[in-house]
Amino acid sequence: MASAKKLVLLRRTIWRAFRPPLPSFSATRRSYLPSSSLFSIYNYVLEPSSYSSKSFVINPSSSFCSQTPPLNEGSQGPTTVDYRLLLAEDEYHRLANSTIHDLLEKLEEYGDLVDIDGFDVDYGNEVLTLKLGSLGTYVINKQTPNRQIWMSSPVSGPSRFDWDQNSEAWIYRRTKAKLNQVLETELGNLCGMPIKLS
């Protein structure tokens, strides 16, 4: 009976120590522990064999970690991907180099057809840069650790393209758009002349 009273007193003491602050009309306060954790304090129980030493045992069902909300259906949450398993490095380099060199040739030909001040195509250190004067600059480069081609566009911003075996093209996962098609659309709109990159 005395140990039950000690348990009740201990629970009250723990509750008082960790209870959320009372609301104030002048300011809103935040609790330092999630509300679910405050109630999990009650899951502490004294170990029956050692009431005198006051050691605690945490109920395995309790948790002090806040729970993350579940992802919505169809959402693309963060995932860990070992890109080395998806595409071997030598195969990645072959595909990426082929794509970038093909883009370089076609963009140089395109530059001869359009009349844009400051049009310049440059390739160095595995980075393809397309300058369109006052219209902006495209930067396309390989990202070997991720097995991706990255593109920075003055129209659509940054994009990361992955190789898709089925369509045999570099695909932006968020929009399912192909690298060549994005460039065709954007350059056609910016420069006023269609370009065929596929």
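The values are calculated or read from the model by the stated rules, or taken from the named source; none is laboratory data. Everything quoted here is computed from the prediction, not taken from an experiment. In this analysis, Cβ positions are derived from the backbone assuming ideal geometry, glycine residues included, and neighbour counts consider all displayed protein chains. Note: areas computed on protein heavy atoms with side chains; ligands, DNA, RNA excluded. Shrake-Rupley method; radii C 1.70, N 1.55, O 1.52, S 1.80 Å.
Please enumerate the residues belonging to the stretch 135-148 that are in a helix (DSSP H, G or I) and open to solvent by 50 Å² or more (accessible area, probe 1.4 Å).
135, 145
Within the stretch 149-169, is even one residue under 27 Å from the mean Cα position of the chain (by Cα), over 30 Å from residue 88 (Cα atoms) and polar (S, T, N, Q)?
Taking every residue of the stretch 149-169 in turn, none turns out to be under 27 Å from the mean Cα position of the chain (by Cα), over 30 Å from residue 88 (Cα atoms) and polar (S, T, N, Q).
Would you point out which residue out of 183, 132, 190 is open to solvent by less than 30 Å² (accessible area, probe 1.4 Å) and in contact with a helix residue (DSSP H, G or I) (Cβ under 7 Å, 6 or more places away or on another chain)?
Sole residue among the options that is open to solvent by less than 30 Å² (accessible area, probe 1.4 Å) and in contact with a helix residue (DSSP H, G or I) (Cβ under 7 Å, 6 or more places away or on another chain): 132.
Scan the strands (runs of 3 or more DSSP E) fully inside the stretch 44-128 and keep the ones with 3 or more residues being modelled with pLDDT of 95 or more and open to solvent by 60 Å² or more (accessible area, probe 1.4 Å).
The qualifying strands (runs of 3 or more DSSP E) are 119-124.
Can you pull out every residue in the stretch 101-150 that is farther than 16 Å from residue 182 by Cβ and of a type in the set (Gly, Ala, Ser)?
Within the stretch 101-150, 111, 118, 124, 133, 134 qualify.
Scan the stretch 149-162 residue by residue and report those that are in a strand (DSSP E or B), open to solvent by less than 60 Å² (accessible area, probe 1.4 Å) and either of a type in the set (A, V, I, L, M) or touching a residue at least 12 places away in the same chain (Cβ under 8 Å) (or both).
Kept after step one, since they are in a strand (DSSP E or B), are these residues of the stretch 149-162: 149-153, 157-162.
With open to solvent by less than 60 Å² (accessible area, probe 1.4 Å) added as a condition, the list becomes 149, 151-153, 157, 159, 161-162.
149, 151, 152, 153, 159, 161, 162, listed by residue number.
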